[in-house]
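A.B. asks: One structure coming up, written as structure tokens, with questions to follow.
The values are calculated or read from the model by the stated rules, or taken from the named source; none is laboratory data. Since this is a predicted model, take the numbers as computed values, not measurements. Glycine gets a Cβ as well: all are built from the backbone with ideal geometry, and neighbour counts include every protein chain shown. Just so you know, the surface numbers come from the protein's heavy atoms only, side chains and all, with ligands and any DNA or RNA stripped out. Shrake-Rupley method; radii C 1.70, N 1.55, O 1.52, S 1.80 Å.
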Amino acid sequence: MSAARADRLAALLRERELDAVLVTDPTNLRYVTGFTGTNGLALVGAERRVFVTDFRYVDQSAAEVPDFDRIRGTRDLLPDVAEHLGGRVGFDDAHLSVRTHRRLEELAGEGVELVPAGGLVEGLRAVKDTDELRSIREAAALADDVYEHLCARGLVGRTEREVAHDLEHTMRERGAEGPSFPTIVAAGAHGALPHASPRLEPIEPSTLVIVDMGCVLDGYCSDCTRTFATGPLSELAAAVYEVVLEAQRAALEAVRPGVGGAGADAVARELITAAGHGERFGHGLGHGVGLEVHERPRLSPTSDDELVAGNVVTVEPGVYVSGELGVRIEDLVAVTADGADVLSGFPKTLVTVG
Ligand code: ZN
Ligand code: ZN
């Protein structure tokens, strides 16, 4: 697995006129090498595959990084990798600190040119292979199960925080490594904050409750939002739900290779705007999901990304009526050769949970 990914990275070097690239960000390092520890570096060139870690990870890296020449370095790894640098070496300017960069420059000395090359690995990560798709699909199915648990357990009278803890506990019990981000449970007017953190307030009957959660399985994330009713709703709440659902379905239909992140966003945004809620959809339509819960590509009015087969993205329009309510419906989808495969299976028509 990691051999193929390192080869794909090496293939990008020629067009960037680089002799090698230094992989330092832990998520990128995991993607390229398979290493899951916290201290490591990799150098990938046309023929070179060098991996450096400290004594704590020698055994682990022998198992996880078999395709690289492994070096046992000191705790700070930089002098150990510096010896192997030569020519034009790309580094991750989006993640490497100025201090580390300066130190690397000193250690590398003459004959080495450090070239900003952030985003190379992230670009590869945006297109998932079969193994990655399987992990993400399983993480999404696990989240579906946790939503079933939520329905059986109920919402009214429990606090947002208790519900959130219960959901995270349940996903772990069923095999998840943990939540892919802190679970959001936001009832009533609190749902008008897109990133609400769960409160100690009990959930009322006849209100809307946004639940946004995902779990991590094999290192891969899922992400899914459902908005539940806790009893008969006001006309406004019911109407907003229908608008968001219609926008979500229309945007899903639009997801396919060749569509821009801005174009997909516009499909949902136009419907929401036509219903008079344009100003109340304050975030982008979606984001890529993989080893991280927010990665490339982005679906938003300002996105330059274009969807390709193998992308895994969320489609999550929302309408937030300040002081009253919020509705968000989010599916996780894999872009296929001719459309999209929806990985989130829990129903989207309004579900009432007492
Ligand atoms: Zn989400
Ligand atoms: Zn999301």
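A.B. asks: On the basis of being farther than 20 Å from Val333 by Cβ, open to solvent by less than 50 Å² (accessible area, probe 1.4 Å) and either touching an Asp or Glu at 6+ places or on another chain (Cβ under 8 Å) or without any contact (Cβ under 8 Å) to a residue 24 or more places away in the chain (or both), does Val185 make the cut?
C.D. replies: Working: farther than 20 Å from Val333 by Cβ: yes; open to solvent by less than 50 Å² (accessible area, probe 1.4 Å): yes; either touching an Asp or Glu at 6+ places or on another chain (Cβ under 8 Å) or without any contact (Cβ under 8 Å) to a residue 24 or more places away in the chain (or both): yes.
Criteria met by Val185.
A.B. asks: Among the residues in region 206-220, are any of a type in the set (A, V, I, L, M, F, W, C), more than 16 Å from ligand 2 (Cβ to nearest atom) and more than 20 Å from the chain's Cα centre (by Cα)?
C.D. replies: Quick first cut of region 206-220, residues of a type in the set (A, V, I, L, M, F, W, C) only: 208-211, 213, 215-217.
With more than 16 Å from ligand 2 (Cβ to nearest atom) added as a condition, the list becomes 208-209, 217.
From what's left, more than 20 Å from the chain's Cα centre (by Cα): 208-209.
Within region 206-220 (the criterion being of a type in the set (A, V, I, L, M, F, W, C), more than 16 Å from ligand 2 (Cβ to nearest atom) and more than 20 Å from the chain's Cα centre (by Cα)), the answer is yes, since at least one residue qualifies.
A.B. asks: Just to be sure, is Leu9 closer than 21 Å to Leu104 by Cα and of a type outside the set (Val, Ile, Thr)?
C.D. replies: Details: closer than 21 Å to Leu104 by Cα: no; of a type outside the set (Val, Ile, Thr): yes.
Considered against the rule, which asks whether it is closer than 21 Å to Leu104 by Cα and of a type outside the set (Val, Ile, Thr), Leu9 comes out as no.
A.B. asks: With the condition kept exactly as written, say whether any residue in region 280-287 is in a helix (DSSP H, G or I) and farther than 18 Å from Val342 by Cβ.
C.D. replies: At the first step, the residues of region 280-287 found to be in a helix (DSSP H, G or I) are 280.
Still in the list and also farther than 18 Å from Val342 by Cβ: 280.
Within region 280-287 (the criterion being in a helix (DSSP H, G or I) and farther than 18 Å from Val342 by Cβ), the answer is yes, since at least one residue qualifies.
A.B. asks: Let me ask something additional. Among the listed residues Leu217, Leu236, Leu245, which satisfies the condition of being surrounded by 18 or more Cβ atoms within 10 Å (Cβ to Cβ) and touching a residue at least 40 places away in the same chain (Cβ under 8 Å)?
C.D. replies: Numbers: Leu236 fails: surrounded by 18 or more Cβ atoms within 10 Å (Cβ to Cβ); Leu245 fails: surrounded by 18 or more Cβ atoms within 10 Å (Cβ to Cβ).
The unique qualifying residue is Leu217.
A.B. asks: Evaluate region 196-215: report whether one residue or more is within 16 Å of ligand 1 (Cβ to nearest atom), at pLDDT below 95 and either assigned to a helix (DSSP H, G or I) or in contact with a strand residue (DSSP E or B) (Cβ under 9 Å, 6 or more places away or on another chain) (or both).
C.D. replies: Checking region 196-215: at least one residue is within 16 Å of ligand 1 (Cβ to nearest atom), at pLDDT below 95 and either assigned to a helix (DSSP H, G or I) or in contact with a strand residue (DSSP E or B) (Cβ under 9 Å, 6 or more places away or on another chain) (or both).
A.B. asks: Please work out which residue is farthest from ligand 1 (Cβ to nearest atom), limiting yourself to region 311-324 and to residues that are out of contact with any Phe, Trp or Tyr (no Cβ under 9 Å at 6 or more places or on another chain) and open to solvent by 10 Å² or more (accessible area, probe 1.4 Å).
C.D. replies: Gly323
A.B. asks: Out of all the residues in region 327-354, which are within 22 Å of the chain's Cα centre (by Cα), small (Gly, Ala, Ser) and part of a loop (DSSP other than H, G, I, E, B)?
C.D. replies: Matches in region 327-354: Ala337, Gly339, Ser344, Gly345.
A.B. asks: Let me ask something additional. Go through (1) open to solvent by 20 Å² or more (accessible area, probe 1.4 Å); (2) without any contact (Cβ under 8 Å) to a residue 60 or more places away in the chain for Glu292 and report which single condition fails.
C.D. replies: (2)
A.B. asks: Grab the helices (runs of 4 or more DSSP H) fully contained in region 1-104, keeping just those with 2 or more residues being open to solvent by 70 Å² or more (accessible area, probe 1.4 Å).
C.D. replies: Values: elements: 2-15, 26-33, 58-64, 78-82.
Those helices (runs of 4 or more DSSP H) span 2-15, 26-33, 58-64.
A.B. asks: Here is a further query. Can you tell me which residue among Gly278, Gly258, Gly282 is open to solvent by 50 Å² or more (accessible area, probe 1.4 Å) and over 18 Å from the mean Cα position of the chain (by Cα)? Step through it out loud before you land on a result.
C.D. replies: Working: Gly278 fails: open to solvent by 50 Å² or more (accessible area, probe 1.4 Å); Gly258 fails: open to solvent by 50 Å² or more (accessible area, probe 1.4 Å).
Just one listed residue meets the conditions, Gly282.
A.B. asks: Quick check on region 288-299. Is at least one of its residues away from ligand 1 (no atom under 16 Å from the Cβ) and either farther than 30 Å from Glu177 by Cα or not assigned by TED's automatic domain parsing to the domain that holds Asp331 (or both)?
C.D. replies: Scanning region 288-299 turns up no residue that is away from ligand 1 (no atom under 16 Å from the Cβ) and either farther than 30 Å from Glu177 by Cα or not assigned by TED's automatic domain parsing to the domain that holds Asp331 (or both).
A.B. asks: Identify, by number, the condition in (1) farther than 30 Å from Ala309 by Cα; (2) in a helix (DSSP H, G or I) that Val121 doesn't meet.
C.D. replies: Among (1) farther than 30 Å from Ala309 by Cα; (2) in a helix (DSSP H, G or I), the lone unmet condition for Val121 is (1).
A.B. asks: When region 168-195 is examined, which residues are found to be away from ligand 1 (no atom under 13 Å from the Cβ) and either β-branched (Val, Ile, Thr) or assigned to a helix (DSSP H, G or I) (or both)?
C.D. replies: Taking region 168-195 as the starting set, the residues that turn out to be away from ligand 1 (no atom under 13 Å from the Cβ) are 168-178, 187-193.
Selection gives Glu168, His169, Thr170, Met171, Arg172, Glu173, Gly188, Ala189, His190, Gly191, Ala192.
A.B. asks: Among Asp304, Asp341, Asp331, which is without any contact (Cβ under 8 Å) to a residue 12 or more places away in the chain and in contact with a helix residue (DSSP H, G or I) (Cβ under 9 Å, 6 or more places away or on another chain)?
C.D. replies: Criteria check complete, one pass: Asp341.
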